[in-house]
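These notes concern the structure reproduced below.
The values are calculated or read from the model by the stated rules, or taken from the named source; none is laboratory data. Bear in mind that the values here come from a model prediction, so they are computed numbers and not experimental data. Cβ placement follows ideal geometry from the backbone for every residue including glycine, while neighbour counts extend to all protein chains displayed. Areas reflect the complete protein model, heavy atoms only, side chains present, ligands, DNA and RNA absent. Shrake-Rupley method; radii C 1.70, N 1.55, O 1.52, S 1.80 Å.
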Amino acid sequence: MGAATLYQLAKAGADVVGIDRFAPPHDQGSSHGDTRITRLAVGEGAAYIPFVHRSHAIWRELEADSGEALFEQCGVLVMTSSEAPARHHGAEDFTGHTIELARRCGIAHEILNASQIRARFPQFGPVRDDATGYFEPEGGYVRPERCIAAQLNAARKLGATVITGTTVSSIESDDGVVRVRAGDRTLAASKVIVCAGMWSANLLGEPFGALLKVCRQTLFWFRLEEPSIFPEMSPTFILSHGPLETDICYGFPPVPGEGSMKIATEQYVGLDSIDTLDRNVSDAEVAQMVRSHVSENFAGVTPELVKAAVCTYTVTPDYGFIIDDHPMLANVTVVSACSGHGFKHSAGIGEALAQRTLTGRSDVDLSAFSVSRFNVR
Ligand SMILES: Cc1cc2nc3c(=O)[nH]c(=O)nc-3n(C[C@H](O)[C@H](O)[C@H](O)COP(=O)(O)OP(=O)(O)OC[C@H]3O[C@@H](n4cnc5c(N)ncnc54)[C@H](O)[C@@H]3O)c2cc1C
């Protein structure tokens, strides 16, 4: 979110500084792991759709400028193949909700029955006879590390200052000036936007401490046995294969040249402290992933682990984003747009934040993302 916002502010001509405790792109927060799903019919709610539309356009612009491939439009398949639909990211029956939104918002898609899914996508199986598939040709995946690097490079070229390896320890707002303590210096700004991911509550305190839960996530890459069953230009997928929130997995076609498929589930157990985050993936976790998701639901994938990674979600109580003024600090905006589905929207959110910061309003309506919806003080 920070790289996208910095880029858009610099593009709009603002005098802007980005500060990060690490050197993005890095693998310490929520934006690493090679790929992120993108889809236009955002089952999490219609308020998100304008962001992802803008993100797709911005990534194409950045691709043209940087020469880097950022967005692979391989399509996305959202599928329920279980006795009952599963809840996902706060939506009951995520597949059904996605279909409803696509119809309502005029997003190109196909609805597939079990025999159509089996014929077109033999990598998924066994598919139940009552399965429903939603295929969106304009979806696919983006490359998060490349998107971050492209936006930071473009921001630098446009005159932004990027300070890395420097932790912000405090933010104070007084008399129209925001003072940011970063390492051993203090910067004064007219406006500050905080996009601190899983560190947001530590930096901002309440009410964010009470609202934000940080959850450890694991990502797995398994070697493909039969690349012809799982081709590179097959869709990204979100598969509900049981009635529980934990019966959902999502994944990606092989990234060109890698011969493995990335697959993951979602965990919503909050960490007691982000300092205790275990960044290693255990053999038991690999075995559990194979048993619960891989061996039953896919063809052409071996249980041989190629690599694994740990990443974090920062989740609000309703799984939605927070994009709003800080309730106590004037001229400070907080963006905690994570909850496991933020990357696809990040470029569009950066653009909306730049507009809001510089002109007082944004093309995209941000009212759905207010802090006040949680009734906290
Ligand atoms: C496993 C996983 C899978 C996901 N899959 C998808 C997907 O398929 N599709 C999708 O759209 N989204 C997905 N998401 C969500 C998406 O990746 C996140 O919403 C998004 O990357 C969050 O970005 P962020 O900028 O909020 O956080 P981060 O990328 O973590 O950035 C926060 C930054 O703030 C810096 N920082 C924090 N505190 C300080 C401080 N005090 N001083 C200086 N710097 C500081 C950190 O160093 C970091 O660089 C997934 C997330 C995970 C973890």
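Rolling a 1.4 Å probe over the heavy atoms of the protein chains gives the chain an accessible area of 42 Å² per residue. For the range 86-192, the Cβ-based charge dipole about the Cα centre amounts to some 480 debye (Lys, Arg positive; Asp, Glu negative; other atoms uncharged).
Rounded to the nearest 20, the size of the Cβ-charge dipole of the range 156-232 about its Cα centre is 220 debye, with Lys and Arg at +1 and Asp and Glu at -1. Using a cutoff of 8 angstrom between alpha carbon atoms and counting only pairs six or more residues apart, the relative contact order for the chain works out to 26 percent. Size descriptor for the range 278-323, Kirkwood hydrodynamic radius: 13.2 Å (Cα pairs only, one decimal). For helix 343-359, report the angle its Cα long axis makes with the longest principal axis of the Cα atoms of the chain; keep it between 0 and 90° and round to the nearest 10°. Approximately 20 degrees, to the nearest ten. Just going by the charge dipole of the chain, with Lys and Arg at +1 and Asp and Glu at -1 on Cβ, which of Ser282, Met198, Leu187 is farthest out on the positive end? Value computed over the given set: Leu187. Against the chain, whose longest principal axis comes from its Cα atoms, helix 144-157 is set at around 30 degrees.
Can you give the charge dipole size of the chain about its Cα centre, rounded to the nearest 20 debye, using +1 on the beta carbon of Lys and Arg and -1 on the beta carbon of Asp and Glu? Walk me through the intermediate numbers first.
Working: 32 positive and 45 negative charges, 151 e Å.
Around 720 debye, computed over the chain.
Take Ser170: with every protein chain present and a 1.4 Å probe, its accessible area is about 40 Å². Accessible-area rank, largest first, for Thr98, Thr164: Thr164, Thr98, with all protein chains present and a 1.4 angstrom probe. In the chain, with Lys and Arg counted as +1 and Asp and Glu as -1 at Cβ, which of these residues, Ser81, Ala330, Thr316, has the Cα nearest the positive end of the dipole, that is, farthest along it? Looking along the dipole axis, the top candidate is Ala330. Over the range 222-377, with every protein chain in place, what whole percent of the accessible area is carbon and sulfur at 1.4 Å, could you tell me? The C+S portion of the solvent-accessible surface of the range 222-377 is 49 percent. Contact order, relative form, for the range 192-344: 33 percent (alpha carbon pairs under 8 Å, 6 or more residues apart, mean separation divided by residue count). Here the chain was treated as a single set of alpha-carbon atoms; its pair distances binned every 10 Å from 0 give 5, 24, 34, 24, 11, 2, 0 percent. The heavy atoms of Glu226 present about 70 square angstrom of accessible area, all protein chains included, probe 1.4 Å.
Is it possible to state the helix-based mean residue ellipticity at 222 nm for the chain, with each DSSP H run of 4+ residues giving -39500 (n - 2.57), the sum divided by total residues, to the nearest 500 deg cm²/dmol? What is it?
Values: 9 runs with 94 residues, N = 377.
-7500 deg cm²/dmol, from helical runs alone.
Of the residues His241, His53, the one with the largest accessible area comes first in the ranking His53, His241, computed with a 1.4 Å probe on protein heavy atoms. The angle between the Cα long axis of helix 2-11 and the longest principal axis of the Cα atoms of the chain comes to about 60 degrees, rounded to the nearest 10. Considering only Phe124, Ser169, Tyr134, the residue lying farthest towards the positive end of the dipole of the chain is Ser169, judged by Cα position with unit charges set on Cβ. At the residue level, Phe237 shows approximately 0 square angstrom of accessible surface with a 1.4 angstrom probe and all protein chains present. Across the range 91-217, counting alpha-carbon atoms alone, Rg and Dmax equal 22.9, 65 Å.
From the P(r) of the range 238-372, can you give the percent of Cα pairs sitting at distances over 25 Å? Percentage above 25 Å: 44.
With all protein chains present, how much of the accessible area of the range 24-136 (probe radius 1.4 Å) comes from carbon and sulfur, to the nearest whole percent? Walk me through the numbers on the way to the answer.
On the way: 2140 of 4400 Å².
Heavy-atom surface of the range 24-136 belonging to carbon and sulfur, 1.4 Å probe: 49 percent.
Counting Cα-Cα pairs of the range 1-137 in 10 Å increments starting at 0 gives whole-percent bin shares of 10, 31, 32, 19, 7, 1. For the range 15-132, relative contact order (Cα pairs under 8 Å, six or more residues apart, normalised by length) works out to 23 percent.
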